[in-house]
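Below is one structure, written out as structure tokens; comments come after it.
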Amino acid sequence: MMKEYQLPIGDKSITFKYESKDIIDILQSKPFPEVENEEDIVKKALEKPTDSAPLKSIVRPKDKVCILFSDMTRLWVRHHIFMPFILEELKAAGVKDENMCAICGNGDHRDNTEEEFKLLLGEKPYSFLKGRIYNHHARSEEENVHLGETTFGTPVEINRHILEADKVILTGGIVHHFLDGFGGGKKAIMPGVSSRKSIMKNHSLALHPIPGKGLDPNVGAGIMRGNRLSEDSVEVASFINPAFLVNSVVTTSHKIAYIAAGNYITAHEKGAEFCNEHYSVKIDTLADLTIISCGGYPADINFYQTYKTLYNAERATKPGGVIILLTESREGIGNDDFYSMFKNYPNNAEREKALRENYTIGGHMAFHDALMAEKFHIYVMSDLPDNQIREAGMIPIKSIEEGISYAQEIVGKHPSTYIIPYGHEVFPILK
């Protein structure tokens, strides 16, 4: 029986008909607990932190305290909800106002503006900390201090404001992350307040230890133990020995469902378990065909951001199978390093060679996209010029029906199929 299905793209939705008996499942994240009061969740977590005394018992009145927070690319973290409680704990411990500062751990991203600081932290925390809020500059030799090397050979170069503090508090948000396993935790230090040189060395651990073998399969979303890159990030953070962590897990409706508070390693691990429980979906089999949307704007703002959706589609689809991808990409490709990896190299062997010589995150994402384009038949419905889709090794289409027609020619008239409406957030795990 043919049924109607709907997928978001940009600001609209597209309806198409499909044979219902061919659908294995429609993959969606699990419902979160009902969130009645985000502040209560924060309070309870700070009262009973994981493997740690409460924050107000850890700091001393004479301590200089530095709070790390995420930049505008992580606005969803909802720092403005929990930051007032962190400041209250510090005041209760007797820390002087002038001895508290905050650093935007923007890695190698652009500076955030004062207005963005206000939006991120909330009006009252921003007003209280104004004049003591700093952007991190990964490319500044003066700003970053060399502390040594990790056992993986990564130079540890950290923002000097961090080193001037007696106590460092990490904040952030926990999601699946394609390099570190999960966001949040030690990522506030690496890459948050590390030098570009340090960041690129750490991130290059995503490449397979043996040249020519592409990416390391143990570096990926949902994996922290045995993940060389994640373990290296923990080593970098250990040079600082953060005093406390506050991380959020946010629902699909953008409310805080869980706060990880306490020890920066074990509290983060508990938060990662909660995140995995709700954002991952266990599947019994891989599909011949996966029809997937990023989830509409802003998740599909450009093709660079679409990487996460393709990453998740790979986990649900048989090698040699078909992926039909919906991404409006109204702002184009979105990253020069990303695009040049498609455009400037004729094959994946050359892409890998270039990435090993000059690692960039954009280059990594494009290389993985290109590897997926070899592994699957990928049809892309977007606003991008056709030539840009083809440069990525994928095939442009004008409608879902066109993609289904192509898929049926490749994997048969009745392909086993997953439909994933919000592909940027659903993490399939094969049982």
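Overview of results
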item: Residue list for the range 18-57, filter: free of Cβ contacts under 8 Å to residues at least 60 places away in the same chain, within 25 Å of the chain's Cα centre (by Cα) and under 14 Å from residue 260 (Cα atoms); result: 39
item: Of all residues making up the range 241-251, the number that are out of contact with any Pro (no Cβ under 9 Å at 6 or more places or on another chain) and either part of a helix (DSSP H, G or I) or surrounded by fewer than 24 Cβ atoms within 10 Å (Cβ to Cβ) (or both); result: 4
item: Residue list for the range 42-91, restricted to those being among the acidic types (Asp, Glu) and not in a loop (DSSP other than H, G, I, E, B); result: 47, 88, 89
item: Pairs where the first residue, in the range 403-424, is within 18 Å of residue 7 (Cα to Cα) and the second is assigned to a loop (DSSP other than H, G, I, E, B) and among the polar types (S, T, N, Q), C-beta under 8 Å, 6+ apart; result: 420/28; 421/28; 422/28; 422/29; 422/252; 424/305
item: Residue satisfying all of: in the range 157-177; without any contact (Cβ under 8 Å) to a residue 60 or more places away in the chain and outside any helix (DSSP H, G or I); surrounded by the most Cβ atoms within 10 Å (Cβ to Cβ) among these; result: 159
item: Out of 260, 267, 272, sole residue that is in contact with a Lys or Arg (Cβ under 7 Å, 6 or more places away or on another chain), crowded, with 19+ Cβ neighbours inside 10 Å, outside any loop (DSSP other than H, G, I, E, B) and in the same structural domain as residue 49 (by TED's automatic domain parsing); result: 260
item: Number of the condition not met by residue 61 [criteria: (1) loosely packed, with under 11 Cβ neighbours inside 10 Å; (2) touching a residue at least 40 places away in the same chain (Cβ under 8 Å); (3) in the same structural domain as residue 250 (by TED's automatic domain parsing)]; result: (2)
item: Some residue of the range 106-120 being assigned to a helix (DSSP H, G or I), in contact (Cβ under 8 Å) with a residue 40 or more places away in the chain and either touching a His at 6+ places or on another chain (Cβ under 9 Å) or in the same structural domain as residue 360 (by TED's automatic domain parsing) (or both); result: yes
item: Total residues in the range 184-215, condition farther than 18 Å from residue 244 by Cβ and either in contact (Cβ under 8 Å) with a residue 24 or more places away in the chain or part of a strand (DSSP E or B) (or both); result: 19
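The values are calculated or read from the model by the stated rules, or taken from the named source; none is laboratory data. Here the structure is a predicted model, which is why all the values come from computation and not from measurement. Neighbour counts run over all protein chains shown; Cβ positions are idealised from the backbone, glycine included.
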